[in-house]
Amino acid sequence: MLTPVVVVLIAVQTNATAYAAAAVFVAGGLTDLLDGYLARRYGSATLTGDPLSDKLLVAATIITLTAIGRFPVWAAVIILVREVAVTVLRVYLGRRDVSMPASRIAKWKTASQVTAIGLYILPLSGAGGLKLAVLSIAVAITVISGVDYFVAAWKAR
């Protein structure tokens with residue numbers, strides 16, 4: 001539900017809507033963390049959404065920021081390819097009754113992506129170096145977590 005709100009707020013391209021978009025985006029990221037915590041605590045499926053909706057929020061935000069020239073294309077491609085690859089892997093494994101719960105590194109991936117993307121949403125002039133550094137860390141963790149999923153799937157087969 002938050003995805004279209006974030007996309008529209010980013011597309012308007014004012015400072016006020018950028019701050020609002022960042023707040024909504026981070027709130028969406030926090031619901032992902034809360035959802036995972038509650039699912040683990042009560043041994044249930046997701047309660048506030050599903051992993052696909054979380055990926056959609058990240059993907060739509062990255063695509064929108066890239067389209068308006070506020071997010072590096074190279075990072076968008078790496079993040080989006082990883083998300084699609086892991087989603088396809090999880091669907092494939094699910095059809096074979098193999099579960100792939102989120103790993104610890106995947107949780108770090110989510111937190112680092114939310115932080116980096118949130119910084120790119122904000123109208124922070126003069127913070128290019130900081131944003132790029134945080135994004136580089138997020139991209140590295142994204143790649144590592146993707147490799148981790150494929151290694152775990154290979155071992156589980």
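Rule-based calculations on the coordinates, nothing more; no lab input. Here the structure is a predicted model, which is why all the values come from computation and not from measurement. Cβ atoms come from the backbone with ideal geometry, glycine included; neighbour counts cover every protein chain shown.
Please enumerate the residues belonging to region 99-133 that are more than 22 Å from Ala16 (Cα to Cα), surrounded by fewer than 18 Cβ atoms within 10 Å (Cβ to Cβ) and among the hydroxyl-bearing types (Ser, Thr, Tyr).
Hits for region 99-133 are Ser99, Ser103.
What pairs come up if the first residue lies in region 1-25 and is over 21 Å from Leu52 (Cβ atoms), the second is β-branched (Val, Ile, Thr) and part of a loop (DSSP other than H, G, I, E, B), and their beta carbons are under 9 Å apart, counting only those six or more places apart or on different chains?
Final answer for the pair search is Ala11/Ile68; Gln13/Ile68.
Of all residues in region 79-90 being surrounded by 12 or more Cβ atoms within 10 Å (Cβ to Cβ) and of a type in the set (A, V, I, L, M, F, W, C), which is nearest to Ala153 (Cα to Cα)? Give the derivation first.
We begin by selecting, within region 79-90, every residue surrounded by 12 or more Cβ atoms within 10 Å (Cβ to Cβ); these are 79-87, 89-90.
With the extra rule that they be of a type in the set (A, V, I, L, M, F, W, C), the set shrinks to 79-81, 84-86, 89.
Working: Ile79: 20, Leu80: 20, Val81: 18, Val84: 15, Ala85: 12, Val86: 10, Leu89: 8 Å.
Of everything passing the filter in region 79-90, Leu89 is nearest to Ala153 (Cα to Cα).
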